[in-house]
Amino acid sequence: MSLTTTQLDEVRDRFLAYLRERGLRRTPERVAVLNALYATPDHVDADTLYARLQQEGAQVSRATVYNTLDLLIECDLAARHQFGRQQARFERAYAYWQHDHLICVDCGEILEFCDPRLQQIQETVAEIYGFEVSRHALTVYGHCRREACPNKAEAA
């Protein structure tokens, strides 16, 4: 799902305001990381994002990518996921609905899904236990049924 130009401007403004409020520098490199993450439709690890930035000719260090991703998480513009033993993956978090993940343990494919029944269960459980939920994550691991799954034969 792509964001509109107005939404992307809101994301950029929110990030720059976050940096200003904390007395952090508003550098072109940090903005480049933000833009690269928001141009990525999938879940991406920091090294892949760094490689994409390098291919685009951005003068960004690997450390800047990692540090900027941390800042984006702090201001709720990115989400970090740790799927099993894989390197942490990141996805944009602005204007995205709550969703959960299915992970193929053979090929690593990540499928997103949203089921309103999970939200209802979460609200019921929170009410029973007097708990205020700030966020949740559900990750289901299994074997995809794709014929093209590259590791299907090895897993069998």
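The values are calculated or read from the model by the stated rules, or taken from the named source; none is laboratory data. Quick caveat, the model's predicted, so the values are computed rather than measured. So basically every Cβ, Gly included, is an ideal-geometry build from the backbone, and we count neighbours across all protein chains shown. Accessible surface areas use protein heavy atoms only, side chains included; no ligands, DNA or RNA. Shrake-Rupley method; radii C 1.70, N 1.55, O 1.52, S 1.80 Å.
Mean projected area of the Cα convex hull of the range 1-102, taken over all directions, amounts to 6.7 nm². Under the combined filter of DSSP loop state and at most 11 neighbouring Cβ atoms within 10 Å, the range 33-136 retains these trypsin sites (Lys or Arg not before Pro): Arg85, Arg135. Between Phe113, Phe90, Phe15, the GNM of the chain built on Cα springs shorter than 10 angstrom shows Phe113 fluctuating the most. Of the solvent-accessible surface of the range 95-149, computed with a 1.4 Å probe over protein heavy atoms with every protein chain present, carbon and sulfur atoms account for 55 percent.
Taking all protein chains together and a 1.4 Å probe, the residues Tyr129, Tyr94, Tyr141 rank Tyr129, Tyr141, Tyr94 from largest to smallest accessible area.
In sequence order, the range 3-19 has phi-based couplings of 8, 6, 4, 4, 5, 4, 5, 4, 4, 4, 5, 5, 5, 5, 5, 4, 5 Hz under the Karplus curve 6.51 cos²θ - 1.76 cosθ + 1.60, θ = phi - 60°, and Gly or Pro positions carry x.
You can think of it this way: the chain between Asp9 and Ile121 has 36.8 nm of extra reach, that is 0.36 nm per residue less the Cα-Cα gap.
Taking the DSSP beta bridges with both ends in the range 1-150, the antiparallel portion is around 70 percent. Could you check which residue among Glu74, Glu127, Glu21 shows the biggest mean-square fluctuation in a GNM of the chain with a 10 Å Cα cutoff? So, out of Glu74, Glu127, Glu21, the one fluctuating most is Glu127.
In this simple spin-label approximation, Phe131 and Arg25 carry label points 7 Å from Cα along the Cα→Cβ vector, and these lie 4.3 nm apart. In order along the range 101-115, the phi-based Karplus estimate (6.51 cos²θ - 1.76 cosθ + 1.60, θ = phi - 60°) of 3J(HN,Hα) comes to 10, 10, 10, 7, 6, 8, 10, x, 4, 10, 10, 9, 8, 9, 10 Hz; Gly and Pro are listed as x.
In order along the range 116-122, the phi-based Karplus estimate (6.51 cos²θ - 1.76 cosθ + 1.60, θ = phi - 60°) of 3J(HN,Hα) comes to x, 5, 5, 5, 5, 4, 4 Hz; Gly and Pro are listed as x. Take the Cα of Leu102, go 7 Å toward its beta carbon, and the backbone nitrogen atoms of the range 119-135 under 19 Å from that spot belong to 119.
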